[in-house]
């Protein structure tokens, strides 16, 4: 999965992508840039989110 690296200023393939949910329950994926090590974050549901339960939002 690709995400934009703010440090490198280019889209890179994520290293060690992990599915997660934001505090409002939106699906996202977090990984690292293989070149500079910056944390990459991409919003959106993926097949890795299947079976996961989003947290209850506080609002």
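Tabulated values for the structure
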read-out: Any hit, the stretch 28-47, residues being at negative phi, without any contact (Cβ under 8 Å) to a residue 24 or more places away in the chain and surrounded by fewer than 13 Cβ atoms within 10 Å (Cβ to Cβ); value: yes
read-out: Every residue from the stretch 14-27 that is exposed (fewer than 12 other Cβ atoms within 10 Å of the Cβ) and out of contact with any strand residue (DSSP E or B) (no Cβ under 6 Å at 6 or more places or on another chain); value: 23, 24
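Read-outs throughout are calculated quantities, based only on the coordinates presented, and are distinct from any laboratory measurement. Remember, it's a predicted structure, so these values are computed and weren't measured experimentally. Note that each Cβ is placed from the backbone with ideal geometry, even for glycine, and that neighbours are counted across all protein chains shown.
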